[in-house]
1. Going by what's in this entry, would Ala164 be described as more than 19 Å from Thr86 (Cβ to Cβ) and in a helix (DSSP H, G or I)?
2. Select from segment 173-217 the residues that are among the basic types (Lys, Arg), more than 19 Å from Ile142 (Cα to Cα) and not in a helix (DSSP H, G or I) and list them in ascending order.
3. Quick check, is Ile99 at pLDDT below 65, farther than 23 Å from Thr178 by Cβ, in contact with an Asp or Glu (Cβ under 6 Å, 6 or more places away or on another chain) and surrounded by 15 or more Cβ atoms within 10 Å (Cβ to Cβ)?
4. Restricting to segment 191-207, count the residues that are without any contact (Cβ under 8 Å) to a residue 12 or more places away in the chain and within 16 Å of Asp180 (Cα to Cα).
Amino acid sequence: MNLRSTLIAAGAAATLLAAGAIGAVSTASAQTPGTTPPAAEGKRQHVRDDFLSRLAANLNVSLDQFKAAVKNAELQTVDDLVADGTLTADQAAKLKDKINSNDGLAIGRFLGEHRGHYKHGGDGEVRERARRLVVVSSAKAIGITPKELVGDLKGGQSIAEVAAAHGVSLDAVKAAITADAKAALDKAVANGKMTQVREDAALQKLAAQLDTILNKKKA
């Protein structure tokens, strides 16, 4: 493996390992009586610098060469995330500014801050918003209040059963949910918070799961 390939391959691992090591120092410092925030921050920086220097030495390159390779790999990764629809152009520009303004590890921090999204396909707040949208949209289509629908669901009924009891077709409920979801996602795309690729994927996922969602009963 040539020098460039070795450095780039090590870049992602370095960012995550360094983040983990620094996080461990933060935890230990917080548990040490008398440790002040400035002292803890200084320790974090020392561990970070020491880690990167040792890693560069193990790869038989200078620290500057290693940092440059990590930065280049990060910038390339941002381009990949834009290409697959994970990041918008605006998000990518801001992230690249962070990468170019320091000596690397911006991607590691970015992935750490968004680990819930990559691991679970979205954080708890996103899932809760989706549940609320389904309830509100379904209630509107059925002609009852969201509170009434929640009461029926807690009583053991499914949304499909509640709709049937009120003489509303399941297709009408699906159409209402889909329309409201698309409106919300369109707004997110317009505000630069989501790419069109991600919106399309979200709508496809919703369509595939609607029957299961609407027929699910509270355990």
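The values are calculated or read from the model by the stated rules, or taken from the named source; none is laboratory data. The structure presented is a predicted model; accordingly, all values stated were derived computationally and were not measured. Note that we place each Cβ from the backbone using ideal geometry, even for glycine, and neighbour counts take in every protein chain shown.
1. So Ala164 fits the description; yes.
2. The one that is among the basic types (Lys, Arg), more than 19 Å from Ile142 (Cα to Cα) and not in a helix (DSSP H, G or I): Lys193.
3. No; evaluated as a whole, the condition is false for this residue.
4. Of the residues in that region, 3 qualify.
Quick grid of which residues meet (1) within 24 Å of Ala202 (Cα to Cα); (2) in a loop (DSSP other than H, G, I, E, B); (3) under 29 Å from the mean Cα position of the chain (by Cα):
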| residue | (1), (2), (3) |
| --- | --- |
| Leu133 | yes, no, yes |
| Val136 | yes, no, yes |
| Ala141 | yes, no, no |
| Ile144 | no, yes, no |
| Asp171 | yes, no, no |
